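Taking it in order: structure first as structure tokens, then the write-up.
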Amino acid sequence: MDIFTDVYSKSRKVVQTKGLNDSWRTIEQNLITLLELNGPNAGKAKVLEDLRDKLKQAAKLKLMKNDAMAKAIVNASAPGSTGFQNRAAMLKTMNHFYLVAKKGNQSIWVVDSPKAYGKWSYDLFMGKDKNALTNQLKKRREVFGSGNRGMMSDALQHARKWSADVEVLLGQKGDKVKKTVKRWFHGSDPTEEAVQASMTTLAAGFKKIHGTCNSTRVIFSDRPEKRASGEWNEVYASVNSGDAMPVIYIYQLFLKTGKKNLFGVVPKMWLCALTVIHELSHKVAGTEDIRYDDDGLKPGTAFQPDQALKNADSWAYFAADLVGALSKGTIKRTLV
């Protein structure tokens, strides 16, 4: 398995087989109603807390709590019967699945895998016997943690506000907008026709980005194999065209960027929001990673205007600039 859509589809299939032991039947039935075809039902999210509470209760009087929770999942999965590894993987996946925020009809979810896992649970548990499975299930320390899960939700709210403002401003086509479009997408002295064409492309794209930020369900997720490979250590986030739902995969750079300092301030939350817009521009506006901010985003001979208009970082910095989130120093450093 590679993407969350695969994991979600597998979880739906597994829970619908109704193979958990009798003491888990209520949770099993509620998980079925949670995992709807088009995405999780926020109205049924309480089952995730019920699941976690049931595991905590199993470990309440135990000295080795991780061991007790692991054994509870194994026992719930009816070990010895066909498919018990998949049932354990489904429960483990749901144990680390969180409804982080609900605003109006939108729900924001986070998949927070155990840090020790370099694969999705289904792949990791495949073929394991009861003892080996128990050892894997003991690993509970998560990649993100509650603070970072909240930060992802905050970043989405910033991105939603920015994209809404950008959509409105592009529709008004004022002088400030034209100046900002020229700055990020054109060389010196562009024609009015060229600027208008860029504005049309951006307006269509930001309408889609804003719509996605407003999606009924948005999911932030770990991507275990990519994280464990080490090849993605310099990546903030990613999306995948195979995901039907809006899923944004988060890596360590994103977490470090949004980390609060000792005074409780998030000095670079705007960069996290910028990252969300960057990734959603890939997802819905067809942008590419032609050039990054560290390379300099000023359109010119080395970085042609038509490339800038296809470049995800250019879209993200344009949005942040247009809504006033960038300092003059940042603009100057980035436009080199």
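Quick look at the numbers
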quantity	calculated
Which numbered condition ASN95 misses (of (1) at pLDDT below 95; (2) under 23 Å from LYS128 (Cα atoms))	(1)
Any hit, region 242-264, residues being loosely packed, with under 14 Cβ neighbours inside 10 Å, in a loop (DSSP other than H, G, I, E, B), on the phi < 0 side of the Ramachandran plot and at pLDDT 95 or above	yes
Residue within region 12-23 that is within 28 Å of GLY147 (Cα to Cα), part of a loop (DSSP other than H, G, I, E, B), of a type in the set (A, V, I, L, M) and open to solvent by less than 10 Å² (accessible area, probe 1.4 Å) present	no
Positions within region 318-336 being open to solvent by 10 Å² or more (accessible area, probe 1.4 Å), closer than 17 Å to ALA164 by Cα and part of a helix (DSSP H, G or I), in sequence order	ASP321
Residue count, region 172-187 (criterion: in contact (Cβ under 8 Å) with a residue 24 or more places away in the chain and open to solvent by 60 Å² or more (accessible area, probe 1.4 Å))	3
Out of GLU231, GLU193, GLU167, sole residue that is at pLDDT below 95, open to solvent by 30 Å² or more (accessible area, probe 1.4 Å) and out of contact with any Gly (no Cβ under 8 Å at 6 or more places or on another chain)	GLU231
Residue tally, condition open to solvent by less than 30 Å² (accessible area, probe 1.4 Å) and either of a type in the set (Phe, Trp, Tyr) or over 18 Å from ALA316 (Cα atoms) (or both), over region 196-207	1
Lone qualifier among LYS139, LYS130, LYS102 - being within 22 Å of ARG12 (Cβ to Cβ), open to solvent by 20 Å² or more (accessible area, probe 1.4 Å) and not hydrophobic (A, V, I, L, M, F, W, C)	LYS102
Sole exception among (1) part of a loop (DSSP other than H, G, I, E, B); (2) among the small types (Gly, Ala, Ser); (3) surrounded by fewer than 17 Cβ atoms within 10 Å (Cβ to Cβ) for SER215, by number	(3)
Any pair with Cβ under 8 angstrom, 6 or more apart, that starts in region 5-29 at a residue that is free of Cβ contacts under 8 Å to residues at least 60 places away in the same chain and ends at one that is open to solvent by less than 20 Å² (accessible area, probe 1.4 Å) and of a type in the set (D, E, K, R)	LYS18/GLU28
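Residues checked against (1) closer than 22 Å to ASP243 by Cα; (2) in contact (Cβ under 8 Å) with a residue 12 or more places away in the chain; (3) in contact with a Lys or Arg (Cβ under 9 Å, 6 or more places away or on another chain); (4) open to solvent by 10 Å² or more (accessible area, probe 1.4 Å):
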site	(1), (2), (3), (4)
LEU31	yes, yes, yes, no
LEU37	yes, yes, yes, yes
PRO40	yes, yes, yes, no
LEU51	no, yes, no, no
LYS60	no, no, no, yes
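The values are calculated or read from the model by the stated rules, or taken from the named source; none is laboratory data. These figures come from a predicted structure and were not determined experimentally. Glycine gets a Cβ as well: all are built from the backbone with ideal geometry, and neighbour counts include every protein chain shown. Heavy atoms of the whole protein, side chains included, go into the accessibility calculation; ligands, DNA and RNA do not. Shrake-Rupley method; radii C 1.70, N 1.55, O 1.52, S 1.80 Å.
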